[in-house]
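Working notes for the structure below.
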There are 4 protein chains.
Amino acid sequence: MDFRSDNVSGAAPEIMAALLEANKGDVSSYGADPFSAELDAAFSALFDHDCKVFPVATGTAANVLSLACLAPGYGAIYCHQDAHIAVDECNAPEFYTGGAKLVTLPGANGKIDLAALEAQLALGWTGSQHSAQPAAVSITQATEAGTVYSPDEVADIAHRCKAHGLKLHMDGARFANAVAGLNCAPADLTWRAGVDVLSFGATKNGAMSAEAVVFFKPELAESFLYRRKRGGHLFSKSRYLSVQLLAMLENNLWLRLAREANARARELADGLGKLPGAKVVWPVQANEVFVQLPAAAAAAMRQRGALFHTWSEADSLYRFVCAFDKSSADTAALVRAATEALA
Amino acid sequence: MDFRSDNVSGAAPEIMAALLEANKGDVSSYGADPFSAELDAAFSALFDHDCKVFPVATGTAANVLSLACLAPGYGAIYCHQDAHIAVDECNAPEFYTGGAKLVTLPGANGKIDLAALEAQLALGWTGSQHSAQPAAVSITQATEAGTVYSPDEVADIAHRCKAHGLKLHMDGARFANAVAGLNCAPADLTWRAGVDVLSFGATKNGAMSAEAVVFFKPELAESFLYRRKRGGHLFSKSRYLSVQLLAMLENNLWLRLAREANARARELADGLGKLPGAKVVWPVQANEVFVQLPAAAAAAMRQRGALFHTWSEADSLYRFVCAFDKSSADTAALVRAATEALA
Amino acid sequence: MDFRSDNVSGAAPEIMAALLEANKGDVSSYGADPFSAELDAAFSALFDHDCKVFPVATGTAANVLSLACLAPGYGAIYCHQDAHIAVDECNAPEFYTGGAKLVTLPGANGKIDLAALEAQLALGWTGSQHSAQPAAVSITQATEAGTVYSPDEVADIAHRCKAHGLKLHMDGARFANAVAGLNCAPADLTWRAGVDVLSFGATKNGAMSAEAVVFFKPELAESFLYRRKRGGHLFSKSRYLSVQLLAMLENNLWLRLAREANARARELADGLGKLPGAKVVWPVQANEVFVQLPAAAAAAMRQRGALFHTWSEADSLYRFVCAFDKSSADTAALVRAATEALA
Amino acid sequence: MDFRSDNVSGAAPEIMAALLEANKGDVSSYGADPFSAELDAAFSALFDHDCKVFPVATGTAANVLSLACLAPGYGAIYCHQDAHIAVDECNAPEFYTGGAKLVTLPGANGKIDLAALEAQLALGWTGSQHSAQPAAVSITQATEAGTVYSPDEVADIAHRCKAHGLKLHMDGARFANAVAGLNCAPADLTWRAGVDVLSFGATKNGAMSAEAVVFFKPELAESFLYRRKRGGHLFSKSRYLSVQLLAMLENNLWLRLAREANARARELADGLGKLPGAKVVWPVQANEVFVQLPAAAAAAMRQRGALFHTWSEADSLYRFVCAFDKSSADTAALVRAATEALA
């Protein structure tokens, strides 16, 4: 019962099966294999749009290689103050862009506050030689608070981007959970709303280690091959990355897995949220639950072997992240433990 | 019959089995899993020396993260002019070191010429503010020419390094093939000879994608964790990297696989080398064969479906790389095709 | 009557005289001239401490070369949110450090809020591979708000630095004005209070273009020569930088010039501050005045040819920066114009 | 009698006079002063072509800011193996480009061998993700050997650049000496021959510290302002850089000074070259003389106080660099000393 993160889980059986199948025989290396050759078409079909797609192994690689295509070293990238790229990637964005500045913005529920973004863009940095040049906005979908931007909310941000000549990146480490939560078309949440590049996450959603960088405007990808290689992210045996992504798209496995994860979060939120003294602090729209709980409840769950993060000691706030392979029995056991403790 | 490279092959069955086994259940992410916890001890036993070991997914990542720990942006790194880091990594060493200069040196059989190295070090750059500061030497083992440095040859270079305050890195993408070819102790070829950091390759030797950065002096690894993360090379599901490496070391799988590959190269060299008009141009000491052949012989092999690289059109020079899973039947068929063509 | 900045002024006559004098004859280049040879001793005497000193031509160069000696690319540097390095140097700190993150902190009167600094340091980034590694604090003296840190305030920050293993940098573009304002010993404001490296500014204080990077701990300067050269900041004719700095120290020219500038700011603050509807918003402790004024007063001064910045249109806030060569007649004329307009 | 370099000299009287004149009064800072505003027009007139011009203080800054506009971090820049950017700038090109690789080429008389360049470009790196992407060629004019490329020779290189999509940079630290030596139009040696960007040197030619980056294609300069600032090379008091450059162009001071320097080199070459056992090893086409001399001759000159570099102890090769302010009496005295020693 490990709810610390969705990356404590292994890979889905379908992924392992695909890896075993792809393991047979010799294929060209460095992305010239037949699996990798299918990626553009597979994602273009999924997004109903011509896409240029590159597989990488980690979410950080997907994010920072994307950003390096969008922002120069003298550029500014705007993101939420809790964004993974800002607080959890040990300066990888700065490294890959050659020194671009992450300008962090506040915002409720893990989402960028539009007024704060506008205020920044109104500072007039563009064209001033003393200032970082506004280059891109990066939004996280689902957010670090377990919430999701609606297509309209994405479009609102994209609108500001376009007005100021910025590119829009989406860190979709949990994109599947967001789409599952919104039950919308992937296109509606991305290029139709104005997203230029998407980090399409699979690892947290049941892959072994695979993420797709999806460019909705191929011209933005011109330098990607070289940036990926000099970042050390080109796999010689690329087939193993590509086949994970293909398996995810096949029969919508990615959505099925995400829906499972989201359902577990819903169960936890419903169960824990109605306990006396409990409060779910942010809307549960994907696979994460942030809930304030009496100390006794948290202790009881841990005593039964549950693992989860204390998000804020001071606020008695806890985070539960549900992976694709957690069961309703797991969540029910958790809720039961907490309930009994408070009875 | 694909002899273009050893990375056209899939993973060995033992590797796939280990991955399947490791896929069970939840474990801590980001390297805190029980598999990763065994790495230091496993490699320390292999090398008969206290080692600090970090798994990464690509050879380029292993090389450049190593070099970044050894050379500052204003440093110079000396290597052979055909070294992978110099010609095949799209400036990854320059990127990761923050701009260090690769000073390329000539040398027969793919090995650095000692006199050329000494001549460079005699230029007196150390301490001159106008010059890149000599920081490290990187040697490739086995070399790009399919040869190997003997322990004495490594020690000769290490001796120069020590005299000039340089660190010594070994790019061991084919370290297994070198050890198998020399039939020596891993320790003799590395720390006992003066190597500071080793990129221990597994991918080309039958892993799916796994390399170990092995520090023989733990103090050199102080910044490694941060450099790996900001390079995007920390796997959230690190277990899948670590378990490949552990499987390689178990019962000396790494050596068994390398010996197979080397034996195939031996067979090819023996068979092709004695054809009329043929000449094996560099000693076959690992799993690669570079051989000059009459055009008819090359054509005949290709007609039978063999894939291999033309190394130099002008010199009718061809490269054959043998992976762990090629069979004696494969090599025999190749030799037979060439022989018949020249008969 | 240009009060837009202290860099609109030319150089002091003493500086021009020194340059003319130094122009005679041949001297060794690249810092091996006799003028440059005096720098260490001259600054060591000024600071009553062994110093290692390097001349550069711009304040940005002084700041970022300093910071590059203190923080790695995976590091974090803490500074005030209005600091020049954060908002006016077009990502130069990120560039020179290889990607370090500037963590900006709030604070009244342009000074870092101690509690905000402590809260950041309490986040526990040190040793976490996901986080930028806390490396240095940079404070601006005098601040961007025209205020100064007292020796005790500097020591308070240095105390936190020491407790967390951080280095302390002081951006002293207006260090002379701060020392003149506090009337303290340069030592008390720097190394005795815990400062490790100082950007000692001269350009804004009447030099043509010269700043000194002053290391109070020589071991921190080990890589400076190489970083300066690869930044393109080593002058072949270094004598012209060094002689400006020596002329500044001779007979305390630097303090005399700064006292003049500060006195003008005092006059402006006194004169403008007592106008009806006026308010000096931050303590005037160096050579800058930030004052809210009725629109008519600002307009009247501009009509008489005065130049100064509107700091905030919304708040009717104006900035006046006094250079060393402004006269009491200048400031009196300004005050008179404003007074008459409001009469 | 210091012939070690042309940067041991001070500034020409006209330069000092211009600095004194420009020192009067307040002007806008950061390049918005009236002197800087004249640069584009002044250089456009000189080159008979629309130019975009930026002043910086050092030759290294001029070179590497230029190159950073021409080559990405994954790029390759081709230059002569003795080029200043390759051997004397402590990795500044690598730093400013974010890791581009300098590919050094051989060539007689300090000039790039065309066949060697063609051989490199024939390697087929363009478009290969493993390889640095060919981006630019940099030639030095006059070369490090004291020779000059003729307009036709420049055009030959530019022709290769165009064929492969490369940009052409000219390091003109001694551009004035080259133009004076060739007695050609500046346009013929630059944009008409295919040069895209020129580092126009003034410091070695009698300025205090000033170089102009001259873009012959304005679109290449789009990012220059930001790169200059983040490099710390934007002077707050920019007038002092710009006025030096303007003074150089006024009444062709730059050419008059260069002609003086070149004439001195001619005198030295003529005088020393005909001594018994002496040999001028490279054509004297600018202001440098490389001459093999009997040890006694060198010793005698040094005894009379002459300073000059031993270029190669083994070859008894010496370098004499003539600055604008050396006199015929100086060179005659040198020749006399050597002659007497060998008599």
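The values are calculated or read from the model by the stated rules, or taken from the named source; none is laboratory data. Computed from a prediction, not measured in an experiment: that's the story for all the values here. FYI the Cβ positions are ideal-geometry reconstructions off the backbone, even for glycines, and counts take in every protein chain you see. What goes into the accessible areas is simple: the full protein's heavy atoms, side chains included, and nothing from ligands, DNA or RNA. Shrake-Rupley method; radii C 1.70, N 1.55, O 1.52, S 1.80 Å.
Look at the alpha carbon pairs under 8 Å that are at least 6 residues apart: their mean separation over the length of chain D gives a relative contact order of 23 percent. In the Gaussian network model of chain B, springs joining C-alpha atoms below 10 Å, which of B:LEU39, B:LEU114, B:LEU246 carries the largest mean-square fluctuation? For chain B, modelled as a Gaussian network with Cα springs under 10 Å, the answer is B:LEU114. Using alpha-carbon pairs under 8 Å, 6+ residues apart, how would you state the relative contact order of region D:195-243 in percent? Rounded, it is 31 percent for region D:195-243. Would you report the distance distribution of C-alpha pairs in chain B as whole percents per 20 angstrom bin, up to the bin with the largest distance? Using 20 Å bins, I get a P(r) of 31, 55, 14, 0 for chain B. Computed over the protein assembly as shown, the Cα gyration tensor eigenvalues convert (square root of 5λ each) into semi-axes of 53, 46, 26 Å, ordered from largest to smallest. Between A and C, buried accessible area from a 1.4 angstrom probe totals roughly 1400 Å², ignoring ligands, DNA and RNA. Each residue of region D:179-225 gets 73 Å³ once the volume of the Cα convex hull is shared out per residue. Partner shielding of A:67-75 amounts to 4, given as the average count of beta-carbon atoms from other chains within 10 Å of each residue beta-carbon.
Accessible surface of B:ARG4, taken over heavy atoms with a 1.4 Å probe and every protein chain present, rounds to 60 Å². The chain B residue nearest the rotation axis shared with chain A, using its Cβ and rounding the distance to whole Å, is B:ALA57, 3.
Classify region D:126-233: rounded, prolate or oblate, from the alpha-carbon gyration tensor (a ≥ b ≥ c, eigenvalue square roots; a/c under 1.5 rounded; otherwise prolate if a/b is larger than b/c)? Because a/c hits 1.5 or more and a/b fails to exceed b/c, region D:126-233 counts as oblate. In region A:101-147, the residues that give up 50 Å² or more of accessible area when the other protein chains are added, compared with the chain on its own (1.4 Å probe), are A:LYS101, A:GLN129, A:HIS130. Give me the Debye-computed log₁₀ of I(q)/I(0) at q = 0.17, 0.23, 0.24, 0.27 Å⁻¹ for region C:88-157, equal point scatterers on Cα only, no solvent, two decimals. Per q value, in the given order, log10 I(q)/I(0) is -0.76, -1.17, -1.21, -1.29. Principal axis analysis of the Cα atoms in region C:57-120 yields extents of 31, 25, 16 Å, listed in decreasing size. Sorting B:ARG239, C:ARG319 by accessible area puts them as C:ARG319, B:ARG239; the probe is 1.4 Å, largest comes first, and only protein heavy atoms count. Stokes-Einstein diffusion for region D:235-343, with the hydrodynamic radius set to the Kirkwood value over Cα pairs and evaluated at 10 °C in a medium of 1.306 mPa s, equals 106 µm²/s.
Among beta bridges identified by DSSP and lying wholly in region A:69-223, the antiparallel ones come to about 20 percent. Placing a label point 7 Å from the Cα of D:LEU114 along the Cα-to-Cβ direction, the distances to the matching points in the other copies come to 4.3, 6.3, 7.3 nm, shortest first. Summing charges over neighbours of B:THR147, with a neighbour being any other residue whose Cβ is under 12 Å away from its Cβ, gives -2 when K and R count +1 and D and E count -1. Beta bridges per DSSP, both residues in region C:1-145: antiparallel share near 0 percent.
Remark on region A:1-131: Rg and Dmax equal 19.4, 58 Å (Cα only). Across all C-alpha atoms in region D:226-293, the radius of gyration and Dmax reach 18.8, 56 Å. Each other copy holds its own label point for A:ASP270; taking that point as 7 Å from Cα along Cα to Cβ, the gaps run 7.1, 7.6, 10.2 nm, nearest first. Sorting the segments A:120-129, A:248-257 by their residues' average number of neighbouring beta-carbon atoms within 10 angstrom, most packed first, yields A:248-257, A:120-129. Largest GNM mean-square fluctuation across B:ALA116, B:ALA295, B:ALA314, computed for chain B with C-alpha springs under 10 Å, falls on B:ALA314. Of C:THR104, B:THR143, the order by accessible heavy-atom surface (1.4 Å probe, DNA, RNA and ligands excluded), from most exposed downward, is C:THR104, B:THR143. Note on exposure: B:GLU267, A:GLU21 ranked by accessible area (1.4 Å probe, complete protein assembly) read A:GLU21, B:GLU267, with the most exposed listed first.
Among beta bridges from DSSP that stay inside chain A, the antiparallel ones total about 50%. Across region D:1-120, Cα pairs under 8 Å and at least six residues apart give a relative contact order of 16 percent. Using a probe radius of 1.4 angstrom, the carbon and sulfur fraction of the accessible surface of the protein assembly as shown is 50%.
Note on chain D: helix-only mean residue ellipticity at 222 nm, from DSSP H runs of 4+ residues weighted -39500 (n - 2.57) and normalised by residue number, equals -12000 deg cm²/dmol. What the Kirkwood sum gives for region A:53-197 is a hydrodynamic radius of 15.0 Å, with every pair of different alpha carbons counted. For chain C, the membrane-span-like helix rule (DSSP H, alpha carbon extent of at least 18 Å along the helix axis, mean Kyte-Doolittle at least -0.5) picks out C:253-273, C:328-342; this says nothing about an actual membrane. Remark on region D:151-304: hydrodynamic radius 17.8 angstrom, per the Kirkwood mean of 1/r across alpha carbon pairs.
A 1.4 Å probe run over chain B, with the rest of the protein chains in place, finds 32 Å² accessible per residue.
Label-point spacing for B:HIS309 across the identical copies (point 7 Å from Cα in the Cβ direction), in nm and ascending order: 3.9, 4.3, 5.6.
Computed across region A:180-265, the Kirkwood radius stands at 14.5 Å (inverse of mean 1/r, all Cα pairs). Rounded to the nearest 10 square angstrom, C:HIS130 shows an accessible area of 40 square angstrom against a 1.4 Å probe.
When nucleic acids and ligands are ignored and a 1.4 Å probe is applied, A:ILE139 ends up with an accessible area of around 0 Å².
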